[in-house]
Amino acid sequence: MTRPTDTDYTGSGPDDAEWNRSQRDETETQRLDRNWNSLLQELRVVQTGVQILTGFLLTLPFHDGFEELGGALRTIYLITVSCAVGAAILLAAPVALHRALFRQHQLALIVTYAHYLSFAGLTLLGLALSGAVTVVFGATAGPVPSAVAGVVTLVVFSLAWLIVPLWLRATTGSPQESADDRRR
């Protein structure tokens with residue numbers, strides 16, 4: 001397995017590094033520090049919500065009425081709690097990665113893998129939210145509203161967190177092209 005270079009995690013390659021030098025007047029190390037700090041801030045934003053959701057889901061079986069959930073809702077619940085726990089693990093993993101590689105001068109590697117861990121964690125969080133909505137609607141409104149609510153949540157999650165951001169990334173062009181477009 002090859003190790004990522006300073007530009008691997010951006011997906012833009014050398015053009016991105018050149019744009020950062022010319023437009024931001026920053027070194028590679030400064031860019032990595034900025035990207036690491038930005039990623040940490042993003043993780044701080046989602047971490048509390050993930051922890052609350054996971055804690056809620058983990059306590060649910062100990063509440064009165066949980067045994068009344070049918071087999072399908074229990075299965076959805078187990079998948080949902082697994083996604084929530086997976087999201088909590090993956091969204092905290094960049095911190096553990098940083099600790100393991102601290103003072104090893106591997107910030108490019110840390111930022112690259114933290115990006116992928118965060119993306120996977122956000123995907124699991126979206127699935128957990130969809131599952132939680134499905135279980136809540138199933139327990140309170142019945143199977144049809146449950147299925148509709150779960151699918152709507154999954155579609156909104158997919159659009160807002162995956163499809164639109166990836167489409168924007170694919171259609172914005174290189175950093176230099178984007179800067180030229182803004183000047184016109």
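Every residue, every condition in (1) small (G, A, S); (2) surrounded by 12 or more Cβ atoms within 10 Å (Cβ to Cβ); (3) assigned to a helix (DSSP H, G or I), yes or no:
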| site | (1), (2), (3) |
| --- | --- |
| A17 | yes, yes, yes |
| R21 | no, yes, yes |
| E26 | no, yes, no |
| S38 | yes, no, yes |
| Q41 | no, no, yes |
| V45 | no, no, yes |
| T48 | no, no, yes |
| L53 | no, yes, yes |
| T59 | no, no, yes |
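I'd like the full set of residues that are touching a residue at least 12 places away in the same chain (Cβ under 8 Å) and polar (S, T, N, Q), limited to region 47-72.
Q47, Q51, T54
Identify all residues within region 61-71 that are in a helix (DSSP H, G or I) and loosely packed, with under 13 Cβ neighbours inside 10 Å; write none if there are none.
F62, E67, E68, G71
Mind counting the residues in region 149-164 that are under 17 Å from A120 (Cα atoms) and surrounded by 13 or more Cβ atoms within 10 Å (Cβ to Cβ)?
To start, the set of residues in region 149-164 that are under 17 Å from A120 (Cα atoms) comprises 154, 157-164.
With surrounded by 13 or more Cβ atoms within 10 Å (Cβ to Cβ) added as a condition, the list becomes 154, 157-158, 161-162.
The number of residues fulfilling the criteria is 5.
Within region 99-109, is even one residue farther than 17 Å from W161 by Cα, modelled with pLDDT of 95 or more and in a helix (DSSP H, G or I)?
no
In the list A147, A93, which residue meets the criterion of being touching a helix residue (DSSP H, G or I) at 6+ places or on another chain (Cβ under 6 Å) and either modelled with pLDDT of 95 or more or in a helix (DSSP H, G or I) (or both)? Explain how you work it out, then say what you get.
Working: A147 fails: touching a helix residue (DSSP H, G or I) at 6+ places or on another chain (Cβ under 6 Å).
That would be A93, the only listed residue that is touching a helix residue (DSSP H, G or I) at 6+ places or on another chain (Cβ under 6 Å) and either modelled with pLDDT of 95 or more or in a helix (DSSP H, G or I) (or both).
What do you reckon, is L122 touching a helix residue (DSSP H, G or I) at 6+ places or on another chain (Cβ under 7 Å), closer than 15 Å to L57 by Cβ and either surrounded by fewer than 21 Cβ atoms within 10 Å (Cβ to Cβ) or of a type outside the set (S, T, Y) (or both)?
no
If the requirement is being touching an Asp or Glu at 6+ places or on another chain (Cβ under 6 Å), part of a helix (DSSP H, G or I) and touching a residue at least 40 places away in the same chain (Cβ under 8 Å), which of these qualifies: T112, T134? Reasoning before the result, please.
Working: T134 fails: touching an Asp or Glu at 6+ places or on another chain (Cβ under 6 Å).
Result of the check over T112, T134: T112.
Quick check on my filter: what residues within region 105-140 are more than 13 Å from the chain's Cα centre (by Cα) and farther than 18 Å from L69 by Cβ?
If the condition is that a residue be more than 13 Å from the chain's Cα centre (by Cα) and farther than 18 Å from L69 by Cβ, then H105, Q106, L107, A108, L109, I110, V111, T112 are the ones that fit.
Of everything in region 89-109, what is in contact (Cβ under 8 Å) with a residue 12 or more places away in the chain and not aliphatic (A, V, I, L, M)? Give them in sequence order.
P94, H98 - these are the residues of region 89-109 that are in contact (Cβ under 8 Å) with a residue 12 or more places away in the chain and not aliphatic (A, V, I, L, M).
Within region 73-93, identify whether any single residue is buried (at least 19 other Cβ atoms within 10 Å of the Cβ), of a type in the set (A, V, I, L, M) and more than 22 Å from the chain's Cα centre (by Cα), and answer yes or no.
Yes; the residues of region 73-93 include at least one that is buried (at least 19 other Cβ atoms within 10 Å of the Cβ), of a type in the set (A, V, I, L, M) and more than 22 Å from the chain's Cα centre (by Cα).
Only one of H63, H105 is closer than 19 Å to T140 by Cβ and of a type outside the set (V, I, T). Can you tell me which?
Matching residue, one of H63, H105: H63.
The values are calculated or read from the model by the stated rules, or taken from the named source; none is laboratory data. Note that the coordinates shown come from a computational prediction; the quantities given were computed from them, not determined experimentally. Because the Cβ atoms are built from the backbone with ideal geometry, glycine has one as well, and the counts that use them run over all protein chains shown.
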